[in-house]
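Take a look at the structure below.
The values are calculated or read from the model by the stated rules, or taken from the named source; none is laboratory data. Everything numeric in this text was worked out from a predicted model, so none of it was measured. All Cβ positions, even for glycine, are placed from backbone atoms using ideal geometry, and neighbour counts span all protein chains on display.
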Amino acid sequence: MNSLNDRPQRKAALIEFLRTIQRPDRPIEAIPENQELVESGLIDSLALLQIVSYLEETYRIDFRERGVNPSDLGSVGAILDLIERGGG
């Protein structure tokens, strides 16, 4: 796995990554873990592919094997839960 060993560290790293793909007119500041990312307009639906790539590279989650479930990527909390499950 990655050296990001606890949820606060993983959350900080995830938010830092999300800032690189955020919509320019909707800057990401403090995000509640349950805030929907696409529905709230913070990212667009194409950014989900970038999130998948980030999770594959950073946490070795194999989406080819498990498939992509949009609900796993809908919010910061859902993404963190997915990471903690190891993608399984």
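Structure notes:
- Qualifying positions in segment 41-67 - polar (S, T, N, Q) and touching a residue at least 24 places away in the same chain (Cβ under 8 Å): 50, 58
- Annotation: residue 12 fulfils all but one of (1) among the hydrophobic types (A, V, I, L, M, F, W, C); (2) touching a helix residue (DSSP H, G or I) at 6+ places or on another chain (Cβ under 8 Å); (3) assigned to a helix (DSSP H, G or I); the unmet one is (2).
- Residue within segment 18-30 that is without any contact (Cβ under 8 Å) to a residue 12 or more places away in the chain and closer than 20 Å to residue 85 by Cα present: no
- Among the residues examined, residue 83 qualifies as of a type outside the set (Ser, Thr, Tyr), in contact (Cβ under 8 Å) with a residue 40 or more places away in the chain and buried (at least 17 other Cβ atoms within 10 Å of the Cβ).
- The set of residues in segment 50-63 that are surrounded by 13 or more Cβ atoms within 10 Å (Cβ to Cβ), more than 10 Å from the chain's Cα centre (by Cα) and outside any loop (DSSP other than H, G, I, E, B) comprises 56, 58, 59, 63.
- Taking every residue in segment 68-80 that is crowded, with 18+ Cβ neighbours inside 10 Å and pairing it with any residue that is among the β-branched types (Val, Ile, Thr) and modelled with pLDDT under 95, at least 6 positions away or on another chain, the pairs with Cβ-Cβ distances below 6 Å are 76/31.
- Taken as a whole, segment 70-87 holds at least one residue that is in a loop (DSSP other than H, G, I, E, B) and at pLDDT below 90.
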